[in-house]
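Comments concern the structure below.
Just so it is clear, none of the values below were taken in a lab; they were calculated from the coordinates. Values in this document were obtained by computation on a predicted structure and should not be read as measured data. Here the Cβ is made from the backbone with ideal geometry for all residues, glycine too, and neighbour counts use every protein chain on show.
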Amino acid sequence: MAATIHAELLSEQEWSQLKQHLGLPPRQAEITRHILHGESDKQIARELGISLPTVRTHTSRLFRKLGLSDRVELILYVFTCMRAHPEIYS
């Protein structure tokens, strides 16, 4: 169900443009996508085949890079970027 919700929120083109706009390394981009799916750290670790501490390291680096403190801020940030730059995401 989460993947269906995600597919409705961001097209593949929008996702590709968002990754480029945010300048995320590949693993941080994957983590972001999973967070947008509403997945927990444990689910992300299992899905990506990495350890839970590794997920948390990537997540904390992602938050630090973007100046955010949690998942809610990340989600709001993503959609704020899309609204602030509709020319990029259309």
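Overview of values
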| quantity | calculated |
| --- | --- |
| For segment 2-84, size of Cβ-based charge dipole, Lys and Arg +1, Asp and Glu -1, in debye | 340 |
| Distance (nanometres) between label positions extended 7 Å along Cα→Cβ at residue 72 and residue 42 | 2.2 |
